[in-house]
Amino acid sequence: MFNFLKSISAKRPAPDGKPAVSVRERVSALRNLPAFLKLIWYTSPGLALANIALRSLRAGLPLAMLYVGKLIIDAVVTLTRLPASERVLTPVLTLVALEFGLVLLADALGRGVALLDSLLGDLFTNQSSIRIMQHAAELDLDQFEDSTFYDKLERARRQTLSRTVLMSQVLAQGQDTVTLVLLAGGLVAFQPWLLGLLLLAVVPAFLGESHFNERSYSLSHSWTPERRELDYLRQTGASDETAKEVKIFGLSDFLITRFRELSDDFYRQNKSLVLRRASWGALFSAIGAAGYYGAYVYIIARTVAGQISLGQLTFLAGSFARLRSLLEGILSRFSSVADGALYLQDFFDFFALRPRIVRQAATGETARSFPRPIRQGFEFENVGFQYKSGTKWAIRNLSFQLEAGEKLALVGENGAGKTTLVKLLARLYDPTEGRILLDGHDLREYDPAELRQEIGVIFQDFVRFQLSAGQNLAVGRIEERQNQSRIEIAAQQSLADTVIAKLPGGYSQMIGRRFNGGVDLSGGEWQKIALGRAYMRDAQLLILDEPTAALDARAEHEVFQRFAELTKGKTAVLISHRFSTVRMANRILVIENGQFVEIGSHEELLAKGGRYAELFALQAAGYR
C-alpha cells in the first residue's frame, strides 16, 4: 500500500501514453472556481443568494440536533433515578418536540436547496449554451476547420451540461465545511487526539479517490477525438442523410466494425480503471471503519468508567460518526471538485480563443465605414492564401480588379481556388500574403460585421436549415424575418415562390425531415430557396458559388438571366461550370492551381485561344 500511496504523487502516463495530470496541476485548476462562481452569480443573483442563505441555516442543524439528543438522553437518565411520583415528562417531551421541529426544518431546507440548485442549474446551463454559441459566432472560419478547435468546442459543450453538478458540489462543500467546524469544536473540547485519529482514518481514502479521479480525467480527455468519431459513426450509420449511400455501398458492416473497435478499446481501458478503483476503495473504507470503531470503543470505556454521561456518549459518538462522514464527503468531494475544475479549464480554454479576423487599423482610428455605394470596387494585390492544415498554396500571386457594378465570372477546374477567392473577398479568411483593397483601402480596415452585411454569398454547400420556408428565405437578412412582403419578393426573384406554392403550409411550412410535419425538398427546390436568401440580402456585392448545380441547364440559364437583370448596378461574382451561364458576365477570370491565368470577356478570351477557349471547346464538344 505504501508503494501505491507513493505513486499517487508521481505524474504517471495516461492510458494513451500521454502524461496524466499531476496533483499540483489538479490543485492549480481550483483557480478556475472563482470565475466559475462569478458566472453562477451573474446567472441569477437572487437565486444564488437564496441558495447560500438556506445552506448556511442548514449547516448548523446537525450540531443542534445532536445537542438536543444529548439533552434528551440525560433528561431520561435523570428521570429514571427519581422516585416515580416525581417523574415529570413535560421537559423531555418539550425536547423531543424541539428535535422533531429541527428534523422538519432540515427536511424543508434540504428540499429548498435542491429546488434552488435545480433552477439555478437549468439557468446556468441555458446561459452557458448561449455563451458558447455567441463566442463561436465571433471566431474565424479557419478555426472551425481545425480538428484541435473542434476538440475544445466538444469539451466546452460537454461542460455546459455537467457543470451544474460542480455548482452543487462547490456549494455543498461550503455547507459541509461549516458543519464540520461546528462539530469539530465539540470533539476538540472533549479529546483533541480523536480528531487526529479521524484524519488518519480518512486521508488514505481521499488520496486514493484523488488518484483515480486523475486517471479518469486523463482517460476522458485523451479520448475526445475518438469520442467525436464514435458520435460521427453512430450518426452516419443510422441517418436519413446517409441511408442511401450506406445501403448502396454496403457500408453498414464497415461502420459497425469501426464503431465496435473504438468502443471496445475504450471499454477495456475504463474497465481496468474501475476495477482497480473498486479494489483500493474497499481497502481504504475498511481502514476508515477501523478508525471510527477504535474511537467508539474509547468513548464507551470513558462512559463505563463514569467519566462522561450517557448523553455525552450519544453526543460524542454521533459527532464522531457525523464528522467521519462529513470529512470523507468533503475530501472525496474535494477530489471531485478538483476534477471538475480540470474539466472547467476546458470550458474556459474555449472562451480564451480569440478571432484573428478583426478590424486592423492605426491606434486611435475609428473603423472605416463601408462605402455606400461602392465607387471603385475591389482590387487583389499579389494575394496568396495557405490553409493551416496544408503545405500547398490554395491561391498565390493573384492580382486583378473587380470594378464597381461589374459582373465577374470565375472559371477553373475543381480545386483551382475559386471558393477560397470568394471567402477572401467576404473576409471569411485574411490573405496569408498580399492584400485586398476596397475603394483603395485595405479590407482589414473595415469592420468585418459591417462588411459582411453588404455582401451576400450563396455557396454550393449551402445549409438546409430545418426551419419554415419563410424562415429559410429570411436567413439572408434575419432581422427582416417578420417582413413578409420582403420575403415574398425574394421568393419571386429566385423562383422559390413556385416551390412554396406546392407546400401544404406555404411560407409557414416546416421543411426538412428532422421535425414532425416537415416536408423535404428536392436538390433543385432547395437551391431556389437558398438563392432567395441572396435576394433577401439586398447587398452591394452578390456572390453565387455554384449554387445552381442541382438545376438542369434550362433552369440554371433562367436563374442567371434573372440574376443579371436583378443585379443591374450592383457588383456580382458568379461561379459556374456551365459556359453558357459564364458568358453572361462582363468579364471572366480564369484560375488554375490557385494562380491567375487570364481575364477578359467571353469573346476576348475565345479570340485569345488560351485556357478558357480550350475549356469552352471541351464542354461544347460534349453537346455535339
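No lab work stands behind these numbers, since they all come straight from the coordinates. Bear in mind that the values here come from a model prediction, so they are computed numbers and not experimental data. Glycine also receives a Cβ, built like all others from the backbone with ideal geometry; neighbour counts cover every protein chain displayed.
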statement: Subtracting the Cα-Cα distance of LEU57 and ASN593 from 0.36 nm times their residue separation yields 185.8 nm
statement: Length-normalised contact order of region 23-352, Cα under 8 Å, at least 6 apart, in percent, tallies to 35
query: Separation of region 558-576 and region 127-147 by C-alpha centroid, Å?
result: 33
- request: May I ask you to derive the FRET efficiency for SER309 and SER28 from their Cβ-Cβ distance with R0 = 41 Å, giving the value to the nearest 0.05?
  value: 0.25
statement: Using alpha carbon centers only, region 317-361 is separated from region 477-543 by a whole-angstrom value of 46
- request: Please work out the FRET efficiency for the pair ASP520 and GLN484, using the Cβ-Cβ distance as r and a Förster radius of 25 Å; give the result to the nearest 0.05.
  value: 0.55
The chain - percent relative contact order, Cα under 8 Å, separation 6 or more: 14
- prompt: How far, in degrees from 0 to 90, does helix 224-237 lean away from the longest principal axis of the Cα atoms of the chain, to the nearest 10?
  reply: 60
field: Spin-label model distance (nm) - TYR296 vs TRP41, 7 Å beyond Cα toward Cβ
entry: 4.3
message: Give me the one-decimal nm value for the distance between modelled label points at ALA617 and MET133, 7 Å along each residue's Cα-to-Cβ direction.
response: 5.5
query: What is the helix-to-structure angle for 61-80, meaning the angle in degrees between its Cα long axis and the longest Cα principal axis of the chain, kept from 0 to 90 and rounded to the nearest 10?
result: 20
task: Can you figure out the FRET efficiency of SER85 with ALA321, using R₀ = 45 Å and their beta-carbon distance, to the nearest 0.05?
output: 0.75
- request: Tally the DSSP beta bridges in the chain and give the antiparallel ones as a percent, rounded to 5.
  value: 50
message: Once you place label points 7 Å from the Cα toward the Cβ at ASP122 and LEU262, how far apart are they in nm?
response: 3.4
- prompt: Once amide H atoms are placed 1.01 Å from N in the peptide plane, what residues at a sequence separation of 5 or more from GLY434, or on another chain, have their amide H within under 5 Å of its amide H?
  reply: GLY384
- request: Grab the eigenvalues of the alpha-carbon gyration tensor for the chain, scale each by 5, take roots, and send me the semi-axes largest first in whole angstrom.
  value: 70, 27, 23
- prompt: Which links in LYS38/LYS423; LYS392/LYS608; LYS418/LYS570; LYS388/LYS608; LYS388/LYS568 stretch past 28 Å when you go from one Cα to the other?
  reply: LYS38/LYS423; LYS392/LYS608; LYS388/LYS608; LYS388/LYS568
task: Could you tell me what fraction of 2.2 N^0.38 Å the Cα radius of gyration of region 466-624 comes to, as a two-decimal ratio?
output: 1.18
task: List LYS528, LYS502 from most exposed to least, where exposure is judged by having the fewest other Cβ atoms within 10 Å.
output: LYS502, LYS528
- request: Which order do the peptides 580-593, 87-100, 532-545, 303-316 take when ranked by the mean count of other beta-carbon atoms within 10 Å per residue, highest first?
  value: 532-545, 580-593, 303-316, 87-100
query: Listed highest first by mean packing, meaning other Cβ atoms within 10 Å per residue, what order do 448-454, 394-400, 469-475, 613-619 come in?
result: 469-475, 394-400, 448-454, 613-619
